[in-house]
Amino acid sequence: MAEQYPKPSNNLVTPLLTDLYQITMAYAYWKTNQHRRPSHFELFFRKNPFGGSYTLFAGLDEVLKFLSNFHFSESDIEYLRNTSQLSHCEAAFFDEYLATLDCTEVYVHAMKEGSMAFPRVPLITVTAPLGIGNLIETTLLTLVNYPSLIATNACRMVVAARGQFWEETAGANPPRALLTPRTDGGGPSRNTPRQLAEGGPADFTRRKPKCVEFGLRRAQGPDGGFSASKYSHIGGFHATSNVQAGKLLNIPIAGTHAHSFIMSYTSLALVEGVKVKRVKGGAEEMVELLPLVMKYREELGWTKTNNGELAAFVGYATSFPNVFLCLIDTYDTLHSGLRNFVLVSLALDDLGYTPRGIRLDSGDLSYLSLECEYVFHTMADRFSRPFFYDLDIVASNDINENVLHSLNKQGHGITMFGIGTNLVTCQSQPALGCVYKLVEIDGEPRIKLSNDIEKVLIPGKKVAYRLFGEAGWPLLDLLVDSKEVDQPRVGERTLCLHPFMEQKRVAVVPKRVVKLHNLVFDGKNGVVPGQDSTLSETRQFVNDQVNHTRPDLLRHVNSGEYKVSVSENTFRFLHQLWHTETPVRELR
């Protein structure tokens with residue numbers, strides 16, 4: 001290789017991270033002298049996850065690290081030599097073939113990491129001698145399947161949380177709606193919103209909620225947790241609770257405290273005498289916080305809130321006065337937690353600090369968030385404290401995509417969602433189902449047939465294009481045989497056919513044509529410069545694509561279908577080879 005490329009993030013990613021049958025096939029290829037045959041493979045999926053219309057491609061960065069560092073160690077070879085399945089193999093297979101094998105004859109083309117991808121369009125293509133092309137199959141699949149699934153799941157949740165693409169939520173959540181107090185002496189009612197004057201000076205814009213990944217403790221082991229933090233960030237999540245991921249990936253980290261922290265404080269005596277530096281007014285003196293809090297408690301008449309909880313909030317505020325955000329549902333969300341937070345926040349503001357907000361971890365999130373928002377607005381008006389309008393309301397109660405859409409329909413005051421289990425485990429669909437198929441060998445296209453149409457392989461080395469229409473978003477992806485002379489061009493009419501149904505065809509006159517694959521790994525030259533994007537660049541690329549995608553593809557229910565077509569010549573060749581390779585049965 002030209003120079004040492006970074007090693008895979010997980011030290012388990014070596015040539016042995018593969019299925020046994022990759023190695024048994026490699027021996028058979030070597031034994032029969034087939035291992036040098038030039039071959040072409042495609043890595044793709046057949047169906048979008050989560051019942052949706054798109055998939056985000058992720059994991060290319062780790063694929064490039066794996067290929068750049070591919071080498072069987074002495075201990076790897078010694079282990080293989082002594083397995084019962086391979087102990088009979090000739091010594092030269094281990095000593096002359098595996099011991100010297102690397103990826104200097106492997107050429108990889110791929111979509112840009114973070115690309116919106118669709119069924120049958122290759123994410124990655126591999127041109128290599130048959131032996132090494134076969135050996136890297138399982139590793140490439142494991143490096144792409146989970147990252148792509150997580151990135152897609154994250155993106156769908158971000159779209160659901162922000163709600164800007166959903167017609168059914170339009171107007172359901174009025175911007176900064178103030179709520180009319182009950183006249184019966186009860187608390188505020190979320191059922192009687194007082195809409196602010198549209199276009200007037202008080203016509204605030206409600207913040208679009210952010211998403212934070214909270215899934216480390218529920219993930220499938222350390223690598224699952226780390227990968228979820230990494231690829232959910234690509235998919236649009238703002239931050240992670242995973243400190244290790246924050247350090248290694250340079251992404252924001254987020255978190256406050258648990259219920260156990262609140263429960264550990266049992267009386268106000270535990271925080272008597274604790275002080276905070278006053279930063280307002282230039283006098284940097286140390287001030288005891290509890291007396292200020294108790295003054296507001298008496299003024300507001302909230303003397304029945306839980307003392308232990310209030311002590312915990314005071315203790316946390318003295319430790320983190322600049323980022324004071326509390327979990328308020330340990331005892332009673334509205335009548336204790338919320339009120340105790342307000343009391344401490346008022347005291348912190350007196351000293352020159354701006355509180356951050358609250359977290360809800362149980363209950364009716366729509367109702368509770370709107371009630372909390374109402375109280376914040378009331379306090380802002382009563383005490384002339386504008387910071388109350390900007391407090392975060394974080395929700396983290398077993399959130400999934402369906403819950404997010406439901407909350408949008410109901411209306412809520414949540415500004416941030418903490419999502420764990422349903423993100424990192426992808427509970428609604430735990431696997432993407434990428435496959436890695438041989439489509440050409442010795443320059444001859446190969447086809448795999450099946451009684452299941454979706455498993456029939458489109459043969460041969462192909463070039464993939466994305467055709468854009470007048471509206472600026474993609475119309476379809478087109479697969480064209482690499483040997484075809486007529487490739488799609490801007491402004492020229494192109495016939496595009498469904499791979500298996502000739503009557504399903506359209507003519508496209510594209511306004512823009514994008515070739516989807518670039519050379520990313522160039523044999524002995526290694527990774528192609530400029531093809532390995534940073535995490536932030538990939539995240540921005542995903543954001544740009546989502547914002548320029550047909551809205552119907554982003555719908556939660558009955559999402560639109562994105563066409564993946566083939567050229568007319570590719571269609572004809574596919575069906576000709578299909579007929580040639582299918583035995584004709586005789587019935588007697």
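Brief remarks follow.
- Within region 456-485, considering residues that are surrounded by 12 or more Cβ atoms within 10 Å (Cβ to Cβ) and charged (D, E, K, R), the one nearest to HIS35 (Cα to Cα): LYS461
- Pick from region 23-43, criterion buried (at least 20 other Cβ atoms within 10 Å of the Cβ) and within 28 Å of HIS517 (Cα to Cα), ranking: nearest to the chain's Cα centre (by Cα): LEU43
- Any hit, region 424-442, residues being over 30 Å from GLU213 (Cβ atoms) and open to solvent by less than 10 Å² (accessible area, probe 1.4 Å): yes
- Condition check for ASN397: over 22 Å from GLU42 (Cβ atoms), under 25 Å from the mean Cα position of the chain (by Cα), crowded, with 20+ Cβ neighbours inside 10 Å and at pLDDT below 95: no
- Scan of region 3-22 for residues that are closer than 16 Å to TYR79 by Cα, open to solvent by 40 Å² or more (accessible area, probe 1.4 Å) and either assigned to a loop (DSSP other than H, G, I, E, B) or of a type in the set (A, V, I, L, M) (or both), ordered by number: LEU12, THR14, LEU16, LEU17, ASP19, LEU20
- From the options SER75, SER148, SER87, residue that is polar (S, T, N, Q), more than 29 Å from the chain's Cα centre (by Cα), part of a helix (DSSP H, G or I) and at pLDDT 95 or above: SER75
- Here ARG278 passes the criteria (1) more than 30 Å from SER536 (Cα to Cα); (2) surrounded by fewer than 16 Cβ atoms within 10 Å (Cβ to Cβ); (3) of a type outside the set (A, V, I, L, M, F, W, C); (4) touching a strand residue (DSSP E or B) at 6+ places or on another chain (Cβ under 7 Å) except the one numbered (2).
- Selection of region 427-453 for residues being more than 23 Å from LEU56 (Cα to Cα), assigned to a loop (DSSP other than H, G, I, E, B) and either free of Cβ contacts under 8 Å to residues at least 60 places away in the same chain or aromatic (Phe, Trp, Tyr) (or both) yields ARG446, LYS448, SER450, ASN451, ASP452.
- Selected residue [closer than 30 Å to LEU535 by Cα, surrounded by 14 or more Cβ atoms within 10 Å (Cβ to Cβ) and without any contact (Cβ under 8 Å) to a residue 24 or more places away in the chain] from SER229, SER241: SER229
- Residue in region 466-505 that is nearest to GLU42 (Cα to Cα), counting only those that are free of Cβ contacts under 8 Å to residues at least 60 places away in the same chain and in contact with a Lys or Arg (Cβ under 7 Å, 6 or more places away or on another chain): SER482
- Hits in region 87-108 - residues which are open to solvent by less than 10 Å² (accessible area, probe 1.4 Å) and in contact with a strand residue (DSSP E or B) (Cβ under 9 Å, 6 or more places away or on another chain): CYS103, VAL106, VAL108
- Residue count for region 537-561, restricted to those that are open to solvent by 70 Å² or more (accessible area, probe 1.4 Å), in a helix (DSSP H, G or I) and within 19 Å of PHE50 (Cβ to Cβ): 0.
- ALA219 being of a type in the set (A, V, I, L, M) and open to solvent by 30 Å² or more (accessible area, probe 1.4 Å): no
- Residue within region 454-465 that is in contact (Cβ under 8 Å) with a residue 40 or more places away in the chain, part of a strand (DSSP E or B), hydroxyl-bearing (Ser, Thr, Tyr) and on the phi < 0 side of the Ramachandran plot present: yes
- Look at (1) loosely packed, with under 13 Cβ neighbours inside 10 Å; (2) in contact with a Gly (Cβ under 6 Å, 6 or more places away or on another chain) and you find that VAL584 fails only one, number (2).
- LYS247 being open to solvent by 70 Å² or more (accessible area, probe 1.4 Å), modelled with pLDDT of 95 or more, among the basic types (Lys, Arg) and under 25 Å from VAL323 (Cα atoms): yes
- Selection within region 232-251 - closer than 16 Å to LYS210 by Cα and in contact with a helix residue (DSSP H, G or I) (Cβ under 7 Å, 6 or more places away or on another chain): SER232, HIS233, ILE234, GLY235, GLY236, PHE237, THR240, SER241, ILE251
- Checking each residue in region 258-313 for being among the small types (Gly, Ala, Ser) and out of contact with any Ser or Thr (no Cβ under 6 Å at 6 or more places or on another chain) picks out ALA258, SER260, SER264, SER267, ALA269, GLY273, GLY281, GLY282, ALA283, GLY301, ALA311, ALA312.
- Meets criteria (free of Cβ contacts under 8 Å to residues at least 60 places away in the same chain, open to solvent by 40 Å² or more (accessible area, probe 1.4 Å) and out of contact with any strand residue (DSSP E or B) (no Cβ under 6 Å at 6 or more places or on another chain)) for PRO386: yes
- Evaluation of PHE324 against (1) more than 22 Å from THR240 (Cα to Cα); (2) at pLDDT 95 or above (one fails), failing number: (1)
- Looking across region 377-417, the residues that are in a helix (DSSP H, G or I) and farther than 26 Å from GLY52 by Cβ come down to HIS377, THR378, MET379, ALA380, ASP381, ARG382, PHE383, PRO386, PHE387, PHE388, TYR389, ASP390.
- A Cβ distance below 8 Å, combined with a sequence gap of six or more or placement on separate chains, defines the contacts here; from region 297-322, residues that are β-branched (Val, Ile, Thr) reach residues that are not in a helix (DSSP H, G or I) in the pairs VAL314/VAL274; THR318/VAL274; THR318/LYS275; THR318/VAL276.
- Residues being charged (D, E, K, R), at pLDDT below 95 and on the phi < 0 side of the Ramachandran plot are represented in region 404-423 by at least one member.
The values are calculated or read from the model by the stated rules, or taken from the named source; none is laboratory data. Here the structure is a predicted model, which is why all the values come from computation and not from measurement. Glycine gets a Cβ as well: all are built from the backbone with ideal geometry, and neighbour counts include every protein chain shown. Surface areas here come from the heavy atoms of the whole protein model, side chains and all, with no ligands, DNA or RNA. Shrake-Rupley method; radii C 1.70, N 1.55, O 1.52, S 1.80 Å.
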